[in-house]
Amino acid sequence: MEKLLNGKFVASSIIRDAKNEAGKLRRDGIIPKLKIVRVGERKDSIAYENAIIKRMDEANIETEVLALPEDIDQSNLIKQLKKLVDSSSVHGIMLFRPLPKHIDENEIKFVISPEKDVDCINPVNVAKLVEGDETGFPPCTAMAALEVLKYYKIELEGKEAVVIGRSMVVGKPLSMLLLRGNSTVTVCHSKTKNLSKVTKRADILVAAIGQPQMIKKEYLKDGAIVIDVGINVDSSGKITGDVDTQDCLDKVQFITPVPSGVGSVTTAVLAKHVIKACKLVNRTVR
């Protein structure tokens with residue numbers, strides 16, 4: 001039995017639907033558009049930017065990049081963001097983080113309007129996630145993990161889920177999404193005692209801790225479903241997850257590989273969110 005949950009199939013399905021919806025919008029004279037805002041020249045941000053542009057092109061979504069100097073002051077950054085918020089042609093805004101240290105993210109996160117905040121920076125979208133309000137936008141990576149479970153028809157209701165990691169990018173929002181699916185959720189972190197004892201209860205284990213190959217088979221119950229959200233680079237330059245896939249393979253029912261797992265789905269979810277934002281802005285949600 002194939003145990004690897006390949007994210008590329010999930011992404012292709014999402015993009016197919018997004019492209020279909022983009023076509024409908026374009027026939028109505030509406031061109032879905034994402035604006036990427038990048039401050040500085042970080043290599044990882046540029047690589048992610050290129051991946052997003054390629055994915056949006058597949059979904060027939062227009063993309064523009066606003067590249068700003070790393071030393072831009074906060075007031076000018078806010079001014080640039082407000083222009084995009086006010087632009088009727090821009091439906092989604094993707095601001096790359098982390099921002100330079102002289103920029104106060106706690107102020108910036110309120111500038112992007114919730115309707116165009118396609119990666120859950122604005123606290124309004126965080127609140128919508130907690131409330132179960134589906135007009136909001138969960139973080140793309142957290143939503144990508146859920147899309148993998150959905151695509152492979154993995155039942156959430158009544159399952160015991162353990163999420164390792166409590167960041168606002170994955171751990172906390174994904175725990176909310178799993179609760180929405182009627183799972184019983186435990187969130188673990190660096191201060192959790194007897195971690196393996198907790199994780200062995202999990203029907204669904206999510207690893208989002210940023211520690212390469214930390215999770216071994218002794219952390220798992222037999223037949224567990226493992227979602228590895230980690231993306232790490234080892235000393236040889238190889239991309240690895242937070243789970244030692246080969247060590248765990250004999251013990252799991254299903255597991256997401258790294259690469260070609262959850263990370264493959266994140267940009268597809270972003271495309272889905274841009275289409276949703278476009279419909280919301282144009283009041284065409286059906």
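Evaluating Ala127 against the criteria (1) buried (at least 17 other Cβ atoms within 10 Å of the Cβ); (2) closer than 27 Å to Cys278 by Cβ; (3) of a type outside the set (Asp, Glu) leaves one unmet condition, (1). Confirm whether Asp71 is farther than 22 Å from Val281 by Cβ and charged (D, E, K, R). The answer is yes for Asp71.
Scanning region 212-229 for residues that are within 17 Å of Asn6 (Cβ to Cβ) and either among the acidic types (Asp, Glu) or modelled with pLDDT under 95 (or both) turns up just one, Asp228. Every condition in (1) among the aliphatic types (A, V, I, L, M); (2) part of a loop (DSSP other than H, G, I, E, B); (3) over 18 Å from the mean Cα position of the chain (by Cα) holds for Ile225 except the one numbered (2).
When region 195-211 is filtered for residues that are within 10 Å of Gly165 (Cβ to Cβ) and either not polar (S, T, N, Q) or not assigned by TED's automatic domain parsing to the domain that holds Val163 (or both), the ones remaining, listed by number, are Val206, Ala207, Ala208, Ile209, Gly210.
Residue by residue, here is whether (1) assigned by TED's automatic domain parsing to the domain that holds Lys153; (2) touching a residue at least 12 places away in the same chain (Cβ under 8 Å); (3) part of a helix (DSSP H, G or I); (4) in contact with a Lys or Arg (Cβ under 8 Å, 6 or more places away or on another chain) holds:
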{"site": "Ser236", "(1), (2), (3), (4)": "yes, no, no, no"}
{"site": "Gln246", "(1), (2), (3), (4)": "yes, no, yes, no"}
{"site": "Phe254", "(1), (2), (3), (4)": "yes, yes, no, yes"}
{"site": "Ala271", "(1), (2), (3), (4)": "no, yes, yes, yes"}
{"site": "Val274", "(1), (2), (3), (4)": "no, yes, yes, yes"}
{"site": "Arg283", "(1), (2), (3), (4)": "no, no, no, no"}
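Candidates are the residues of region 21-77 that are in a loop (DSSP other than H, G, I, E, B) and among the charged types (D, E, K, R); the one that is surrounded by the most Cβ atoms within 10 Å (Cβ to Cβ) is Arg42.
With respect to the conditions (1) more than 21 Å from Ala268 (Cα to Cα); (2) surrounded by 13 or more Cβ atoms within 10 Å (Cβ to Cβ), Asp86 lacks only one, and its number is (2).
So, in region 1-20, of the ones that are assigned to a loop (DSSP other than H, G, I, E, B) and touching a strand residue (DSSP E or B) at 6+ places or on another chain (Cβ under 8 Å), which residue ends up surrounded by the fewest Cβ atoms within 10 Å (Cβ to Cβ)?
If we filter region 1-20 for residues that are assigned to a loop (DSSP other than H, G, I, E, B), which is where we start, we get 1-3, 5-6.
Retained after the next criterion (residues that are touching a strand residue (DSSP E or B) at 6+ places or on another chain (Cβ under 8 Å)): 3, 5.
Working: Lys3: 16, Leu5: 23.
Only one residue tops the list, namely Lys3.
The values are calculated or read from the model by the stated rules, or taken from the named source; none is laboratory data. Just so it is clear, the structure is predicted and the values come from calculations on it, not from any experiment. Neighbour counts run over all protein chains shown; Cβ positions are idealised from the backbone, glycine included.
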